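See structure below.
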Amino acid sequence: MKEQQRKIMLAFLKEFSTRPLKKKKEIMLQEKLIASSIFKKARIIGGYFPTTMECDLSLVFEEIFKEGKILACPVAKNKKMTYYQVQENDQKVRSSFGILEPKAEAKRLVLKEDIDLLIVPGLIFNKEHFRIGFGGGYYDRFLADFKNETVSLVFKEQLQDFSPEKFDLPVKKIYVV
């Protein structure tokens, strides 16, 4: 069932990424996050470089740099994610998964416990904030012992009913448009 939902949502997001409405929703979602108290309190924010199907984070990143906060983005390797500090003009490289990651020479390790706010991607979310991701389990493993704030930016079409599996973990807050 999860695999079927994932396939349907991937097709929807691929098609949705070509629509002007997506850009409007992305701006609204990012503005909600930037205006939130959890964003304002956070000093180190874990983000990711979104694909064209995912919610853009460029306004969030601009605000992080403007406010002198620290942005950390993941590198996935050997079934594990490690976060590294990213500067505004750092180079990115495309991983074997086809996603952008911080380039090797730019890497400055950020410890998991130092990340105040983690922005978590996902394909599908339920009303209890559980998520279905892209299938690699990287975020589920990372979140297993992550104690700080977690948030996801979600298009309303991504809200669906599903029963989480025992290893699934919810994000603490979702913003939906």
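The values are calculated or read from the model by the stated rules, or taken from the named source; none is laboratory data. The model shown is predicted, which means the values in this text are computed figures rather than measured ones. In this analysis, Cβ positions are derived from the backbone assuming ideal geometry, glycine residues included, and neighbour counts consider all displayed protein chains. Side chains are part of the model used for accessible areas, which takes the heavy atoms of the whole protein and leaves out ligands, DNA and RNA. Shrake-Rupley method; radii C 1.70, N 1.55, O 1.52, S 1.80 Å.
Within segment 40-54, the set of residues being more than 14 Å from the chain's Cα centre (by Cα) and surrounded by 17 or more Cβ atoms within 10 Å (Cβ to Cβ) comprises ALA42, ILE44. In summary, PRO74 fulfils each of the numbered conditions (1) of a type outside the set (A, V, I, L, M); (2) out of contact with any Phe, Trp or Tyr (no Cβ under 6 Å at 6 or more places or on another chain); (3) within 23 Å of ASP145 (Cα to Cα) with the single exception of condition (2).
Taking the numbered list (1) open to solvent by 50 Å² or more (accessible area, probe 1.4 Å); (2) farther than 25 Å from LEU59 by Cα; (3) charged (D, E, K, R) in turn, ARG94 passes all entries but (2). Being surrounded by 12 or more Cβ atoms within 10 Å (Cβ to Cβ) and out of contact with any helix residue (DSSP H, G or I) (no Cβ under 8 Å at 6 or more places or on another chain) is the filter; apply it to segment 73-89 and report the residue that is nearest to ALA35 (Cα to Cα). That would be CYS73.
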